[in-house]
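The values are calculated or read from the model by the stated rules, or taken from the named source; none is laboratory data. As the structure is a computational prediction, the values presented were derived from the model and not from experiment. All Cβ positions, glycine included, derive from the backbone under ideal geometry; neighbour counts span all protein chains shown.
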Amino acid sequence: MSDMAEKEVRDLDSFIDGDILPDRREVTDKKRQASYHVAKFEGALKRGDLDEALKVLGRLEAALQREVQAAAALRERIAGYALESYLQTSFHGAFVKACAKHGLVVQGSFPRYEVFPFRIRVLADDRSIEVNERKVRIFRPEALAEYLSRRRSQLESAFFDAQRFVDALASVYDLIVHSREAAAGTKLGEGLELPLMAVYETLTLLPSQRKAYPVNMFAFDLHRLFVADLFKTSDGRTLILGDTRLRGQRIVTYDKTGREHRFGSLRFEGQGTSGAQRKSEE
């Protein structure tokens, strides 16, 4: 394999922590020397020793030149690293491994991933990564997995009004049912099952609303209902999540034990007193 080919597939962690480590240390060492001479220079001025100040300035100038040379050499090596090729050939395996270390489940493959509740897209040619359509410049798999884990912890610890959310679902459900009854000119009966995506789309009618509240975050709020174990509306009805036969209409979420569910429909029934009824795709 040629040097160029080796460079193209070189692991990013190995490049940073191995290949350029001596150059990084060289820059740090030269910076430390320059800082030492600056302190000596200020000390000479404090004493009024101009002769000593001139001598130290000479040493400082030489140290700064060496620091510039070391930084230039490091810059050249970093500029020569083929980040695009690394992302295309070596990122996937390291990313999946890093996510597993942080207890994150990865679905999908390069360049698109789902790490609940985040959608990730690796844009190799653009030298960027999107997390829920927000560009981040975190290319080391361990650092990205840590970032996702931290973001998820922040979401989980944020205030969530489960009662208000389930009541909002019921309001949208009622709105859609009444609209369909008006169109049909007849009552459609209690417990009509509606597509879950239709409810989400009604919740987010405007493009700006859908961008601010993407479907994966809707799925995360469903997950938080499981965590709160609250599926009753304020008026006593029970939320029931179910399956759908329509491909592409299922929303993936997780219960509080981490079990995956793929829901495609919802309905509200009666006054129910036996707790939340939930049906998931096996």
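Here are some notes:
- Condition check for ILE16: surrounded by fewer than 17 Cβ atoms within 10 Å (Cβ to Cβ), in contact (Cβ under 8 Å) with a residue 12 or more places away in the chain, outside the structural domain of VAL252 (by TED's automatic domain parsing) and within 29 Å of the chain's Cα centre (by Cα): yes
Yes or no, residue by residue, for (1) modelled with pLDDT of 95 or more; (2) over 17 Å from GLU269 (Cα atoms):
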position: ARG164; (1), (2): yes, yes
position: LEU192; (1), (2): no, no
position: ALA198; (1), (2): no, yes
position: PRO214; (1), (2): no, yes
position: LEU222; (1), (2): yes, yes
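- The residue that is nearest to the chain's Cα centre (by Cα), among those in region 126-155 that are assigned to a helix (DSSP H, G or I) and free of Cβ contacts under 8 Å to residues at least 24 places away in the same chain, is TYR147.
- Whichever residue in region 201-252 is assigned to a strand (DSSP E or B) and in contact (Cβ under 8 Å) with a residue 60 or more places away in the chain and, among such residues, is farthest from GLU190 (Cα to Cα): VAL252
- Scan region 68-119 for residues that are closer than 30 Å to ASP29 by Cα and either assigned to a strand (DSSP E or B) or polar (S, T, N, Q) (or both) and the total you get is 1.
- Selection of region 86-95 for residues being surrounded by fewer than 18 Cβ atoms within 10 Å (Cβ to Cβ), under 15 Å from ASP13 (Cβ atoms) and either assigned by TED's automatic domain parsing to the domain that holds TYR254 or not small (Gly, Ala, Ser) (or both) yields only THR89.
- Screening ARG150 with (1) within 27 Å of THR89 (Cα to Cα); (2) surrounded by 14 or more Cβ atoms within 10 Å (Cβ to Cβ); (3) at pLDDT 95 or above gives one miss only, at (2).
- Condition check for ALA100: loosely packed, with under 13 Cβ neighbours inside 10 Å, of a type in the set (A, V, I, L, M, F, W, C) and within 23 Å of GLY242 (Cβ to Cβ): no
- Members of region 171-192 found to be surrounded by 14 or more Cβ atoms within 10 Å (Cβ to Cβ) and touching a residue at least 12 places away in the same chain (Cβ under 8 Å), listed by number: VAL172, TYR173, ILE176, VAL177, LEU192
- Checked across region 51-67, the condition of being within 30 Å of ARG10 (Cα to Cα), in contact (Cβ under 8 Å) with a residue 12 or more places away in the chain and under 38 Å from the mean Cα position of the chain (by Cα) holds for at least one residue.
- Test: residue in region 260-275 that is small (Gly, Ala, Ser), at pLDDT below 95, in a helix (DSSP H, G or I) and surrounded by 15 or more Cβ atoms within 10 Å (Cβ to Cβ): no
- Residues that are surrounded by 15 or more Cβ atoms within 10 Å (Cβ to Cβ) and in a helix (DSSP H, G or I), drawn from region 20-37: ASP23, ARG24, GLU26, VAL27, LYS30, LYS31, GLN33, ALA34, HIS37
- Annotation: of all residues in region 227-252 being under 17 Å from VAL199 (Cβ atoms) and in contact with an Asp or Glu (Cβ under 8 Å, 6 or more places away or on another chain), the one that is modelled with the lowest pLDDT is ASP243.
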